[in-house]
1. Step by step: find N for region 162-232, compute 2.2 N^0.38 Å, then divide the Cα radius of gyration by it. What's the final number?
2. Could the peptides 77-84, 88-95 be put in order, highest first, of the mean number of other beta-carbon atoms found within 10 Å of their residues?
3. Carbon and sulfur together cover what percent of the accessible area of region 176-251 at a 1.4 Å probe radius?
4. For the chain, what does -39500 (n - 2.57) per DSSP helix run (n ≥ 4), summed and divided by total residues, give at 222 nm, in deg cm²/dmol to the nearest 500?
5. So for each of 110-123, 157-170 I average, over its residues, the number of other beta carbons within 10 Å; can you give me the resulting order with the highest mean first?
6. Which value, in Å², gives the accessible area per residue of the chain when a 1.4 Å probe is used on the protein heavy atoms?
7. Please work out the C-alpha center-to-center distance from region 60-118 to region 164-195 and express it in whole Å.
8. What distance in nm separates the simple spin-label points at residue 114 and residue 171, each placed 7 Å from Cα in the Cβ direction?
Amino acid sequence: MTVETIAVGPAGAPDDRSRRTTTTAGGHFLDLASGCRIRLATPAAEPGLWARYLDGALRTYRHFGVEEALELSATADGDTTALFCTATDADGRMVAGVRVQGRYRRVTDATSLLAWAGRPGESALRMMMAGRLPFGVVEGRGAWVSRETPYRNELGAAISRCLAHAPRLLDARFCFATVASFTASRHAASGGLTATDIAPVPYPDDRYRTVPIWWDTRRYRSTAAPDQYAAMRAEWVELGLPEPDPRPFHGC
């Protein structure tokens, strides 16, 4: 059994440093496609692992000249991160990771929306966020995959599935992320749907077209690709999570 108990704070916002009051299931699972072990933890519980995650993220983002997107001055202490996920290969090298913030209490907690400030789609995206907050929203930030690993595609898919798992681990219905448009199809395979009525923005710079994506835990069975849903089901078993309720849900 790979289930462990980890303390997280899904009720808190990024500026609420007093959270860490909820206990949920975490642990680790094997990504069969890459052979890597995916571990879920909190920065407080695994400070060494957190430091390695940050180092890998910085090296990867710096290679593309977009390290400012990590907002390390605000995130390095781990207090804004409710949960983070890392992938380690058979030789013990960390080769991928992502962190998760939330649950959010206010629209302004989602600072990634600032990329749309003064641009088309700003109001509509803020309304999307506001409508989902009562159901629980967490956000994926700082995703990276090592340029040296031969399993970039497989690990990209695994990190995307981690974002699908995150709201279930943090007692929320939705996961939100802003991603480069060329990665949208990868996230769609794990159930992450692009908000196509929101215009992309050039963030972190003009080389990229960034789009908003939502994962809805109530709809994975119908939105995720069959192979990725099968992988998610196997990972839920390892994480001690039940399969999501397939019954219709009347909400947002």
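1. Numbers: Rg = 12.5 Å, N = 71, 2.2 N^0.38 = 11.1 Å.
Dividing the Cα radius of gyration by 2.2 N^0.38 Å gives 1.12.
2. Numbers: 77-84: 22.1, 88-95: 14.1.
Order by mean packing, descending: 77-84, 88-95.
3. Values: 2200 of 3950 Å².
Whole-percent figure for carbon plus sulfur exposure: 56.
4. Numbers: 7 runs with 74 residues, N = 252.
Theoretical 222 nm ellipticity from helices: -9000 deg cm²/dmol.
5. Numbers: 110-123: 15.3, 157-170: 25.6.
Result, highest mean Cβ count within 10 Å first: 157-170, 110-123.
6. Values: 11300 Å² over 252 residues.
I get 45 Å² per residue for this part.
7. When both Cα centres are located, 14 Å separates them.
8. Going by the 7 Å Cα→Cβ label model, 2.9 nm.
The values are calculated or read from the model by the stated rules, or taken from the named source; none is laboratory data. What you see is a predicted model; the values in this text were computed from it and never measured. Using ideal geometry, Cβ is built from the backbone for each residue, glycine included, and neighbour counts are taken over all protein chains shown. Please note that ligands, DNA and RNA were not included when accessible areas were found on the heavy atoms of the full protein model with its side chains. Shrake-Rupley method; radii C 1.70, N 1.55, O 1.52, S 1.80 Å.
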